[in-house]
Amino acid sequence: MASKALFFFALLSLIAVSLSPASANNEEDPGLVMQFYKDSCPQAEDIIHEQVRLLYKRHKNTAFSWLRNIFHDCAVQSCDASLLLDSTRRSLSEKETDRSFGLRNFRYLDTIKEAVERECPGVVSCADILVLSARDGIVAVGGPYIPLKTGRRDGRKSRAEVLEQYLPDHNESISVVLERFGAIGIDTPGVVALLGAHSVGRTHCVKLVHRLYPEVDPVLNPNHVEHMLYKCPDAIPDPKAVQYVRNDRGTPMKLDNNYYRNILDNKGLLIVDHQLATDKRTKPYVKKMAKSQDYFFKEFSRAITILSENNPLTGTKGEIRKQCNVANKLH
């Protein structure tokens, strides 16, 4: 009889543990998982993919914007779409800081959000849309398909005041770049691969004229300098003018390992590009990626995955914004 009583109380204890608040919270918050919306919005990822495809067909440069978004959002404290918020009377937004110069096409993320909202109102976060549009944008420019988890929720405030502490600038030393990305778990080959995103898109003249005026940086390839001077003829370019140099003249619309061959040939546009090809910590990986696109894609995929999972808001944290540029309390 006593043994039966002991068994009964042990069973009650197990039930109590299984129903404890901590356990319940774990069930409510699975964190980031593959196909998070498979039950709540089964068409979500297909809708995002189709919108990215249509927008890229009409506006090729959207792919570069989606790729930049994941860097500028996820590297700054949390992958929570804080980048997309507008400024308010009290605070400047991340996207309106000097560091975000050249970021654009946010309206197309709104287009994707609207399409998803029509199917599943209030279900899919802007943070997940930002990440998945980057994933599909990478494929659009010839990069690898990277399976990424979802389940992020949206932050309620922008982080312009701390952006400089997290996001490395193109004129930073390679040590700072490695340190900043290392803090979120991205190692040296991962950093080298992430900067391979400079294979596509363009660099505005305001970002590189200091390498041309008043004197040309002697490390630049002379054959490339002529083209750079032609594209950037003014020492103080108008920031509102569309003056730029393609990051990769050979395959400007394709994410590939041509970038690494360029920077080994001293054709990198930015200081960070040159440092990547010459620093003893990064040069071996640059040479390896210049030889093997498969290796570049493998490390790029791994780094993007880590970046996309940086300190996300999940479960009951944050919110699902109705509009990506405004927190719900201000809607």
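Since every read-out is calculated from the coordinates, none of them should be taken as a lab result. No experiment lies behind these values; they were computed from the predicted model shown. All Cβ positions, glycine included, derive from the backbone under ideal geometry; neighbour counts span all protein chains shown.
Details
- Hz values of 3J(HN,Hα) by residue in segment 173-185 - Karplus curve (6.51, -1.76, 1.60), Gly and Pro given as x: 5, 4, 4, 5, 4, 5, 5, 5, 6, x, 5, 10, x
- Centroid-to-centroid separation of segment 118-133 and segment 158-196 [C-alpha atoms, Å]: 27
- Other residues whose C-beta falls under 14 angstrom from the C-beta of E114 contribute a net charge of +1, scoring Lys and Arg +1 and Asp and Glu -1.
- Built amide H within the under 5 Å cut-off of Q323, gap 5+: none
- Nearest 10 degrees, 0 to 90: helix 106-119 Cα axis against the chain principal axis: 30
- Candidates H227, H198, H72: whichever shows maximal mean-square fluctuation once the chain is modelled as a Gaussian network with Cα springs under 10 Å: H227
- Sorting the segments 261-273, 169-181 by their mean number of nearby beta carbons within 10 angstrom, highest to lowest, gives 261-273, 169-181.
- Gained length - S173 relative to M34, 0.36 nm times residue gap less alpha-carbon distance: 46.4 nm
- The convex hull around the C-alpha trace of the chain, projected and averaged over every direction, spans 21.5 square nanometres.
- Residues R118 and N311, FRET efficiency given R0 of 30 Å [Cβ-Cβ distance, rounded to 0.05]: 0.50
- Between 0 and 90°, nearest 10: helix 293-308 axis offset from the chain longest Cα axis: 50
- Sites D238 and D294 - FRET efficiency at Förster radius 30 Å, r taken between beta-carbons, to 0.05: 0.10
- Protection proxy ranking, highest mean first, for peptides 231-241, 285-295: 285-295, 231-241, where packing is the per-residue count of other beta-carbon atoms within 10 Å, averaged.
- Environment charge of V123, counting only residues whose C-beta is closer than 13 Å and scoring Lys/Arg +1, Asp/Glu -1: 0
- Ignoring aspartates and glutamates fewer than eight residues from K288 along the same chain, the ones with Cα atoms less than 18 angstrom from its Cα are D187, D256, D265, D273, D279, E299.
- With a Förster radius of 25 Å applied to the beta-carbon distance between F106 and V219, the computed FRET efficiency rounds to 0.10.
- Pairwise label distance in nanometres, D98 with Y230, each label 7 Å out on the Cα-Cβ vector: 3.2
- In this rough spin-label picture, where each label sits 7 Å from Cα along the Cβ direction, the A183-K60 distance is 3.7 nm.
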